[in-house]
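Engineer: Please find one structure pasted underneath; my questions will follow.
The values are calculated or read from the model by the stated rules, or taken from the named source; none is laboratory data. In this text, all values refer to a predicted model and were calculated from it rather than measured experimentally. Don't worry about glycine lacking a Cβ; one is built from the backbone with ideal geometry, like all the others, and counts go over all protein chains shown. Note: areas computed on protein heavy atoms with side chains; ligands, DNA, RNA excluded. Shrake-Rupley method; radii C 1.70, N 1.55, O 1.52, S 1.80 Å.
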Amino acid sequence: MDFALNEEQLEYRERCRTFAREVIRPAARKHDQEESTPWEVIKEARRQGFGTLDSIQRNASDAEGQMQVISAEEFHWGCAGIALAISGSGLAAAGIASSGTPDQIAQWVPECFGNADEVKLGAYAVTEPQAGSDVKSLKTTARRDGDEWVLNGTKVFITNGGIADVHVVVATVDPTLGTRGQASFVVDKGTPGLSQGKKESKLGIRASHTAEVVLEDCRIPAENLLGGEEKLARKLERGRSGQKSRSADALATFEMTRPLVGASALGIAQAAYEWTLEYLDGRSEGGTPLLQTQRIQQPLADVATEIEAARLLVQRASWMGRNGVAMTGGQGSMSKLKAGDVAMWATTTLMDLVGPDSWSTDYPLEKFFRDAKIYQLFEGTAEIQRMVISRMQAREYAERLEFGAEVAAKAIKPEKELAAV
């Protein structure tokens with residue numbers, strides 16, 4: 001077991017840290033205050049090979065699964081909002097890649113990224129006003145009409161919503177079947193009936209555009225149904241025939257995306273910790289340097305330890321996902337849960353150490369604090385993560401118990417047969 005990053009990973013981490021320090025951080029305060037999309041940073045990221053289709057494919061080939069969590073942490077160390085602006089298109093691309101046909105993937109995934117000369121964005125539209133974490137209750141509908149699908153509904157809290165070049169919309173085809181009656185559709189920019197609703201003014205990650213997506217008799221070509229007609233027909237037939245849902249398998253698949261979110265939260269926590277060390281260095285209390293006083297050392301040690309513990313969970317889950325090790329015990333959700341809670345707790349604890357200056361916008365700690373909270377909320381709230389973990393743990397325990405009973409039964413059977421002789 002090797003916990004060290006290899007030479008390529010170390011070099012990549014340094015590239016990401018340099019970009020975060022020299023490009024992201026200088027633009028962070030402006031876009032946070034203005035709640036504006038950092039187009040110039042996204043363009044420079046594309047120019048340097050970050051947040052592109054090629055970079056995602058290259059990072060996905062990393063045998064240890066660490067490249068993507070490295071860039072997520074380092075970019076969020078720079079600014080969480082800008083990091084999401086750079087990487088947010090990956091959600092739409094992932095949705096297309098997981099559900100689309102080879103032709104659809106080839107056509108639409110590149111449209112989620114563009115290049116340095118023409119930056120393009122993708123948006124993944126799932127969440128609705130009455131259905132946050134409850135995906136089974138989606139009300140957005142998709143109705144077939146001749147050679148088109150007609151979409152109606154409203155999506156909320158959508159990253160890049162309304163400004164994206166490609167929207168991937170999850171809609172209900174048969175509301176009686178829950179998630180088995182849903183399908184994903186690609187909606188191209190400028191399609192009549194697609195519009196941006198309210199743009200959200202947020203506590204944190206303010207450089208990441210978040211808005212409603214409104215669909216009013218939005219007509220799209222039939223070929224924009226991801227996966228195609230035959231795949232949808234088979235899915236609906238399974239649901240209508242009462243076949244058992246494969247949601248448990250899907251749940252295990254979703255575990256693979258959680259480490260990236262956890263790594264993002266860690267970037268904020270690490271940035272807050274490093275800044276606090278720099279702030280306290282050189283300050284004294286009663287003639288004693290603050291960094292040598294026990295009341296300062298104790299919480300700093302706790303913060304450092306919690307960050308490292310969460311990072312190990314993130315790295316392990318990312319390695320498991322990349323190497324096909326099933327996360328049946330909720331290891332992916334554990335990494336996201338732990339890192340999100342650590343980020344919020346760490347920034348709060350560090351603000352207490354710094355005192356009144358932590359509340360001033362002249363210093364970045366208040367921004368780290370604001371940005372951290374979202375990682376206990378989106379991509380599955382902390383409460384939802386705990387439900388996922390507990391259910392997966394219970395399922396894993398039941399399977400172990402069943403396996404143990406089978407082994408015991410096989411062991412007992414020969415003894416009975418021998419006694420009968």
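Engineer: What are the pairs with Cβ atoms under 7 angstrom where one residue, in segment 395-419, is at pLDDT 80 or above and the other, located anywhere, is open to solvent by less than 70 Å² (accessible area, probe 1.4 Å) and among the β-branched types (Val, Ile, Thr)? Sequence gap at least six, or different chains.
Structural biologist: Final answer for the pair search is 396/328.
Engineer: Shifting gears a bit: Enumerate the pairs (first residue in segment 289-300 and open to solvent by 30 Å² or more (accessible area, probe 1.4 Å); second residue anywhere and outside any loop (DSSP other than H, G, I, E, B)) with beta-carbon separation below 6 Å, excluding pairs fewer than 6 apart on the same chain, so at least 6 apart or on different chains.
Structural biologist: 291/280
Engineer: Need the failing condition index for residue 112 against (1) closer than 15 Å to residue 43 by Cα; (2) surrounded by fewer than 16 Cβ atoms within 10 Å (Cβ to Cβ), just the number.
Structural biologist: (2)
Engineer: Given the residues 178, 162, 190, which is the only one that is out of contact with any strand residue (DSSP E or B) (no Cβ under 8 Å at 6 or more places or on another chain), within 19 Å of residue 112 (Cβ to Cβ) and open to solvent by 10 Å² or more (accessible area, probe 1.4 Å)?
Structural biologist: Among 178, 162, 190, only 190 is out of contact with any strand residue (DSSP E or B) (no Cβ under 8 Å at 6 or more places or on another chain), within 19 Å of residue 112 (Cβ to Cβ) and open to solvent by 10 Å² or more (accessible area, probe 1.4 Å).
Engineer: Still on this structure, I have one more. If you take the residues in segment 47-88 that are modelled with pLDDT under 95 and touching a Lys or Arg at 6+ places or on another chain (Cβ under 6 Å), which one is farthest from residue 320 (Cα to Cα)?
Structural biologist: 52
Engineer: While we're here: Considering only residues that are assigned to a strand (DSSP E or B) and more than 24 Å from residue 227 (Cβ to Cβ), look in segment 189-203 and name the one that is nearest to the chain's Cα centre (by Cα).
Structural biologist: Looking at residues that are assigned to a strand (DSSP E or B) and more than 24 Å from residue 227 (Cβ to Cβ), I get 199.
Engineer: Look at segment 39-93 and say how many of its residues are touching a strand residue (DSSP E or B) at 6+ places or on another chain (Cβ under 8 Å) and surrounded by fewer than 18 Cβ atoms within 10 Å (Cβ to Cβ).
Structural biologist: 2
Engineer: Here's something else I'd like to know. Can you tell me which residues in segment 361-393 are out of contact with any Asp or Glu (no Cβ under 8 Å at 6 or more places or on another chain), open to solvent by 20 Å² or more (accessible area, probe 1.4 Å) and not in a helix (DSSP H, G or I)?
Structural biologist: 361, 362, 364, 377, 378, 379, 381
Engineer: Among the residues of segment 307-319, how many are of a type outside the set (Phe, Trp, Tyr) and surrounded by fewer than 21 Cβ atoms within 10 Å (Cβ to Cβ)?
Structural biologist: Summing the residues that are of a type outside the set (Phe, Trp, Tyr) and surrounded by fewer than 21 Cβ atoms within 10 Å (Cβ to Cβ) in segment 307-319 gives 5.
Engineer: Can we say residue 227 is outside any helix (DSSP H, G or I) and free of Cβ contacts under 8 Å to residues at least 12 places away in the same chain?
Structural biologist: Against the criterion (outside any helix (DSSP H, G or I) and free of Cβ contacts under 8 Å to residues at least 12 places away in the same chain), residue 227 does not qualify.
Engineer: Next up: Pick from 324, 355: which is without any contact (Cβ under 8 Å) to a residue 60 or more places away in the chain, open to solvent by 60 Å² or more (accessible area, probe 1.4 Å) and either of a type outside the set (Ser, Thr, Tyr) or not in a helix (DSSP H, G or I) (or both)?
Structural biologist: None of the other options fit; the residue is 324.
Engineer: Now, a different point. Answer yes or no as to whether residue 70 is hydrophobic (A, V, I, L, M, F, W, C) and in contact with a Pro (Cβ under 9 Å, 6 or more places away or on another chain).
Structural biologist: no
Engineer: Find all pairs meeting these conditions: Cβ atoms under 6 angstrom apart; at least six residues apart or on different chains; first residue within segment 259-279 and under 16 Å from residue 374 (Cα atoms); second residue part of a helix (DSSP H, G or I) and open to solvent by 30 Å² or more (accessible area, probe 1.4 Å).
Structural biologist: 260/68; 266/311
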